[in-house]
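Right, one structure below, let's go through it.
The values are calculated or read from the model by the stated rules, or taken from the named source; none is laboratory data. No experiment lies behind these values; they were computed from the predicted model shown. Positions of Cβ are backbone-derived with ideal geometry, glycine not excepted, and every protein chain shown enters the neighbour counts. Heads up: the accessible areas ignore ligands, DNA and RNA and are worked out on the full protein's heavy atoms, side chains in. Shrake-Rupley method; radii C 1.70, N 1.55, O 1.52, S 1.80 Å.
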Amino acid sequence: MRICKGVYDKKLLNTMRRRKIVRRLKIAGFVVAGGFLLFLLLNRIFPLPDRIEYSTIITDEKGEVIHAFLTRDQQWRMKTELSEISPLLRKTIVEKEDKYFYYHLGINPMALCRAFGRNLLLMRRTSGASTITMQVARALEPKKRTYWNKMREMFRALQLEWKYSKDEILQIYLNKVPYGGNIEGVKSASILYFKKNPDHLSLAEITALSIIPNRPSSLVMGRNNDRIVEQRNKWLRRWEKEKVFTDREIADALAEPLTATRGTVPGFIPQLARKLKKGGGPIVHSTIQLNTQLKLEKLVKDYSRTLALKNIRNAAVIVLDNQTHRVISYVGSADFHDSADAGQVNGAAAIRQPGSTLKPLLYGLCIDEGLLTPKRMITDVPVNYDGYAPENYDRRFNGYVTMEYALEHSLNIPAVKSLKALGKDKLIRKLTDCDFRQVDRDRKKLGLSMILGGCGATLEELTGLYSIFASEGKYVRPLYVMTDSVLKGSKILSPAATFMINETLSKVNRPDFPLNWESTVHLPKIAWKTGTSYGRRDAWSIGYNKRFTVGIWVGNFSGLGIPELSGANVATPLLFTVFNTIDYDDDASWFAKPEDCDVRMVCSETGLPPADFCTHLVTDYFIPLVSTAKKCDSRQEIFVSPDEKMSYCRVCVPPAGYKKKWYTIVPPEMKEYYDVNRITYTPLPPHNPNCEKVFREGAPVVMSPANGSEYLINRKDPEPLLLRCRVSNDVSKVYWYINDRFLKSTEAGSKEFFVPDEGPVKISCTDDKGRNRNVWIRVKYVDL
């Protein structure tokens, strides 16, 4: 009985013990769970203040800092990326600040007890127990050092450990640690003191930097280097004893001198840096090649000095890599620090009149529409489109010109005619596809004059546009940031049209070749186009080859026009110099003829496929099934009387008493050009006056005054209006009527003047065949 009772009591005792342990475990579990829930609640009520404003830094393509901006509180607080925390930097900081960083949960209980005991024993603060996580908490939310704030700091440390990984906490620590003055973070310190990124720091440099945060006001780099070295070496010898680093590493670090002083933050690419800063983000990895950038900055500055005597003060340059579509150099002005000439203005992004720089795109579009080929003839004679009468740069006319001649010589009238034939909306649509923002905004206001510079464009946009000629007609938006991905690109021109434009623009024997330029021996083969804005305010020259597209703008930010300013003689020399600098003596292959481009024989007089009567033939590029297959019609077989004094058409040709003769057909506009320039030609005999068809076709075209226009005339000194018309080559006399009242008769092609009455005026012109044309104008007399 006693034995059984003893066994029973023992089992009962064990059961009670187990129940007690279980009860304690449950209580502990409830306490832990309650504490955890309380932490989650407090974490939600008191969120972690972990928003850090970093200095925006701009790096080059290699990741080196080339520009930086202060934060709003005027601090240099550059963000250190995780990839920039080298194993050496991580190991050194952890060994010095918190050996057990990777083992605790933000609070080191052993360090807390040791520090509390020492402080209590000595009745003063002798050592701290702050982990790296707690230091981060204090940096994020600075408070006066009290026991209550220490508790708050520990809670924040737990929040940090809950939200971030250990490496991320170390990253925040390295970004917030103070280094005296307005320097925060190891990256700011390494750049300002050692002029290098933190992942390039040596053991001696890292150790020296790790000492400063303990006494940032008394250990100032550049003033207290001896004291910093003394403290640095103490830590290095301590680590030597503890075998933290090898003897060789310690010896090298001890022998390394400390000559660092506080420097300045790099300030390269100032205009582009401000542009990239707007994109946001603490670190912007630009596509700039620093060596190329520095060369071109000096080149542009020196070149602008040579133009100062002509009162031309500024220039801008953009270089685009055609293979990667990255902008590798960006010079916004001749000298950013020259406040007298507004050097802070970004000339590469300023909206300017583009002059003739849009003509290659226009002619390329006309080629793709089947309107033109390089040898196709265009008439360069006076035109008037509802009052708009463009003129060439030299105010001369050239008669018949080929498309390639018109582009080489940058003739204005053929360009306006081509835009009229193409339709301005198609050109605007393509420019919008190439990110021409001002053109897109003004699309409803733009007219034919846009091809001569009557629109707004920037050097950035024009450089991007010309890169299509090196990319088989595809536009890819230029990249300024390394992290941007290359888009597929949009088709602007066909490869064939692009090739034809390249062949034309790469010819050296051109009127826009700069005067007194002799450094072409090693100049790589390039294609280029110049432009000069109205009033000679802007000079452009955009060039490209397979490797690069280079955009040049020269002028004054004030908009002051200079008589000597032109794209050919001012901007192109700088373009050639830039190519000599970045692509010197390059013998890379030129653009090959694409598959969609072919060669054919055409008549040299029209640029059309030859007819049987064509005798002078030349080769021409064309696009099969796109370029016109219409045969040359410059000559026609005409029915004439036996004495060749009268011509007939098929409607009025008599049954007998006529013969056939070949004549060169001269359009009315060319007839006037021949007459003015006294160029001989064989006119068609006058048409049969009894023919009924003659009264239905070929009426005179009134060139002046312009139909639908309003004219303001000085009341005190009225200036007469010009009467001028264009007629067929079988007309010898015209008759003018004003408000249905006869004014006078004149020879065909002559100019007459008259003074109109105020109000609406009807002007009628009748030729000697009885064909008539009416125009209406409105006249107002004003006191000028």
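Write out, first by first residue and then by second, each pair whose Cβ atoms fall under 7 Å of each other, whose residues are 6+ apart or on separate chains, and whose first residue, in segment 204-222, is at positive phi and of a type outside the set (A, V, I, L, M) while the second is assigned to a loop (DSSP other than H, G, I, E, B) and open to solvent by 20 Å² or more (accessible area, probe 1.4 Å).
Sorted first by the residue in segment 204-222, then by its partner, the pairs are Gly222/Thr261; Gly222/Arg262.
Out of everything in segment 519-529 that is at pLDDT below 90 and among the β-branched types (Val, Ile, Thr), what residue ends up being most open to solvent (accessible area, probe 1.4 Å)?
It comes out as Val521.
Of all the residues that make up segment 258-289, how many are open to solvent by 40 Å² or more (accessible area, probe 1.4 Å) and not in a loop (DSSP other than H, G, I, E, B)?
5
Does segment 94-115 contain at least one residue that is open to solvent by 90 Å² or more (accessible area, probe 1.4 Å), modelled with pLDDT under 75 and of a type in the set (D, E, K, R)?
Checking segment 94-115: at least one residue is open to solvent by 90 Å² or more (accessible area, probe 1.4 Å), modelled with pLDDT under 75 and of a type in the set (D, E, K, R).
Hey, any hits in segment 246-254 for a residue that's part of a helix (DSSP H, G or I), free of Cβ contacts under 8 Å to residues at least 24 places away in the same chain and of a type in the set (Asp, Glu)?
For segment 246-254, residues part of a helix (DSSP H, G or I), free of Cβ contacts under 8 Å to residues at least 24 places away in the same chain and of a type in the set (Asp, Glu): present.
So, Tyr663, is that one of a type in the set (Ser, Thr, Tyr) and farther than 30 Å from Asn384 by Cα or not? Full working, then the answer.
Details: of a type in the set (Ser, Thr, Tyr): yes; farther than 30 Å from Asn384 by Cα: no.
Answer is no for this residue.
Could you figure out which of (1) under 25 Å from Asn772 (Cβ atoms); (2) without any contact (Cβ under 8 Å) to a residue 40 or more places away in the chain; (3) open to solvent by less than 60 Å² (accessible area, probe 1.4 Å) isn't true of Arg650?
Every listed condition holds for Arg650 apart from (3).
Taking segment 28-81 as the search range and keeping residues that are modelled with pLDDT of 85 or more and basic (Lys, Arg), which one is least open to solvent (accessible area, probe 1.4 Å)?
Among them, the one singled out is Arg77.
Given (1) open to solvent by 10 Å² or more (accessible area, probe 1.4 Å); (2) in contact with a helix residue (DSSP H, G or I) (Cβ under 8 Å, 6 or more places away or on another chain); (3) at pLDDT below 95, identify the lone condition not met by Gly559.
Here Gly559 meets the rest and fails (2).
Could you identify the single residue in Lys298, Lys243 that is open to solvent by 40 Å² or more (accessible area, probe 1.4 Å) and either assigned to a loop (DSSP other than H, G, I, E, B) or in contact (Cβ under 8 Å) with a residue 12 or more places away in the chain (or both)?
Working: Lys298 fails: either assigned to a loop (DSSP other than H, G, I, E, B) or in contact (Cβ under 8 Å) with a residue 12 or more places away in the chain (or both).
Answer to the selection: Lys243.
Which one is modelled with the lowest pLDDT among residues in segment 753-768 that are out of contact with any Cys (no Cβ under 9 Å at 6 or more places or on another chain) and under 30 Å from Cys691 (Cα atoms)? Don't jump to the end; show me each part of the working.
We begin by selecting, within segment 753-768, every residue out of contact with any Cys (no Cβ under 9 Å at 6 or more places or on another chain); these are 753-764, 766, 768.
Filter once more, keeping what is under 30 Å from Cys691 (Cα atoms): 762-764, 766, 768.
Values: Lys762: 93, Ile763: 93, Ser764: 93, Thr766: 90, Asp768: 81.
So, considering only residues that are out of contact with any Cys (no Cβ under 9 Å at 6 or more places or on another chain) and under 30 Å from Cys691 (Cα atoms), the one modelled with the lowest pLDDT is Asp768.
Which numbered condition in (1) touching a strand residue (DSSP E or B) at 6+ places or on another chain (Cβ under 9 Å); (2) open to solvent by less than 70 Å² (accessible area, probe 1.4 Å); (3) in contact (Cβ under 8 Å) with a residue 60 or more places away in the chain is the only one that Asn729 fails?
(1)
Keeping to segment 353-376, report how many residues are open to solvent by 10 Å² or more (accessible area, probe 1.4 Å) and in contact with a Leu (Cβ under 8 Å, 6 or more places away or on another chain).
Of segment 353-376, the ones open to solvent by 10 Å² or more (accessible area, probe 1.4 Å) are 353, 356, 365, 368-372, 375-376.
Adding the requirement that they be in contact with a Leu (Cβ under 8 Å, 6 or more places away or on another chain) leaves 356, 365, 368-369, 371, 376.
Qualifying residue count, segment 353-376: 6.
If you take the residues of segment 301-325 that are part of a loop (DSSP other than H, G, I, E, B) and under 18 Å from Gly343 (Cβ atoms), which of them is least open to solvent (accessible area, probe 1.4 Å)?
At the first step, the residues of segment 301-325 found to be part of a loop (DSSP other than H, G, I, E, B) are 311-313, 322-325.
Keeping just the survivors that are under 18 Å from Gly343 (Cβ atoms) gives 311-313.
On the way: Asn311: 61, Ile312: 1, Arg313: 92 Å².
That would be Ile312.
For segment 461-518, enumerate the residues that are assigned to a loop (DSSP other than H, G, I, E, B), at pLDDT 90 or above, open to solvent by less than 40 Å² (accessible area, probe 1.4 Å) and more than 23 Å from Glu404 (Cα to Cα).
Val476, Pro478, Tyr480, listed by residue number.
Would you tally the residues in segment 386-407 being open to solvent by less than 20 Å² (accessible area, probe 1.4 Å) and either in a helix (DSSP H, G or I) or on the phi < 0 side of the Ramachandran plot (or both)? Lay out the reasoning, then the answer.
Just the residues of segment 386-407 that are open to solvent by less than 20 Å² (accessible area, probe 1.4 Å), to begin with: 390, 392, 399, 401, 403, 406-407.
Filter once more, so that each one left must be either in a helix (DSSP H, G or I) or on the phi < 0 side of the Ramachandran plot (or both): 390, 392, 401, 403, 406-407.
Looking only at that region, the number is 6.
Within segment 424-451, how many residues turn out to be without any contact (Cβ under 8 Å) to a residue 24 or more places away in the chain, farther than 25 Å from Glu391 by Cβ and either part of a helix (DSSP H, G or I) or open to solvent by less than 20 Å² (accessible area, probe 1.4 Å) (or both)? Talk me through it step by step, then tell me what you get.
In the first step, residues of segment 424-451 are kept if they are without any contact (Cβ under 8 Å) to a residue 24 or more places away in the chain; the result is 425, 428-429, 432, 439-446.
Checking which are farther than 25 Å from Glu391 by Cβ leaves us with 429, 432, 440-441, 443-444.
Then drop every residue that is not either part of a helix (DSSP H, G or I) or open to solvent by less than 20 Å² (accessible area, probe 1.4 Å) (or both), which leaves 429, 432, 440-441.
Selection size over segment 424-451: 4.
When you scan segment 751-784, how many residues do you find that are open to solvent by 60 Å² or more (accessible area, probe 1.4 Å) and assigned to a strand (DSSP E or B)? Can you show your working first?
As a first pass, look at segment 751-784 and keep what is open to solvent by 60 Å² or more (accessible area, probe 1.4 Å): 751, 753, 755, 757-758, 760, 772-774, 776, 778, 780, 783-784.
Then keep just the ones that are assigned to a strand (DSSP E or B); that gives 753, 760, 772-774, 776, 778, 780.
Residues meeting the conditions: 8.
Could you identify the single residue in Pro655, Pro610, Pro642 that is open to solvent by less than 50 Å² (accessible area, probe 1.4 Å), farther than 20 Å from Ser728 by Cα, more than 40 Å from the chain's Cα centre (by Cα) and not charged (D, E, K, R)? Before the answer, list the steps.
Details: Pro655 fails: open to solvent by less than 50 Å² (accessible area, probe 1.4 Å); Pro642 fails: open to solvent by less than 50 Å² (accessible area, probe 1.4 Å).
That would be Pro610, the only listed residue that is open to solvent by less than 50 Å² (accessible area, probe 1.4 Å), farther than 20 Å from Ser728 by Cα, more than 40 Å from the chain's Cα centre (by Cα) and not charged (D, E, K, R).
Restricting attention to segment 622-639, which residues are free of Cβ contacts under 8 Å to residues at least 60 places away in the same chain and either open to solvent by less than 20 Å² (accessible area, probe 1.4 Å) or basic (Lys, Arg) (or both)? Show your work before the answer.
Kept after step one, since they are free of Cβ contacts under 8 Å to residues at least 60 places away in the same chain, are these residues of segment 622-639: 624-625, 629-639.
Lys630, Lys631, Cys632, Ser634, Arg635 - these are the residues of segment 622-639 that are free of Cβ contacts under 8 Å to residues at least 60 places away in the same chain and either open to solvent by less than 20 Å² (accessible area, probe 1.4 Å) or basic (Lys, Arg) (or both).
Report yes if some residue within segment 681-696 is of a type in the set (Val, Ile, Thr), more than 30 Å from Asn398 (Cα to Cα) and either open to solvent by 40 Å² or more (accessible area, probe 1.4 Å) or part of a loop (DSSP other than H, G, I, E, B) (or both); otherwise report no.
Looking only at segment 681-696, we keep the residues that are of a type in the set (Val, Ile, Thr), and these are 682, 694.
Retained after the next criterion (residues that are more than 30 Å from Asn398 (Cα to Cα)): 694.
Cutting the leftovers down to either open to solvent by 40 Å² or more (accessible area, probe 1.4 Å) or part of a loop (DSSP other than H, G, I, E, B) (or both) gives us none.
No, segment 681-696 contains no residue that is of a type in the set (Val, Ile, Thr), more than 30 Å from Asn398 (Cα to Cα) and either open to solvent by 40 Å² or more (accessible area, probe 1.4 Å) or part of a loop (DSSP other than H, G, I, E, B) (or both).
Among the residues that make up segment 389-399, is at least one of them touching a residue at least 40 places away in the same chain (Cβ under 8 Å) and touching a strand residue (DSSP E or B) at 6+ places or on another chain (Cβ under 7 Å)?
Checked segment 389-399: at least one residue is touching a residue at least 40 places away in the same chain (Cβ under 8 Å) and touching a strand residue (DSSP E or B) at 6+ places or on another chain (Cβ under 7 Å).
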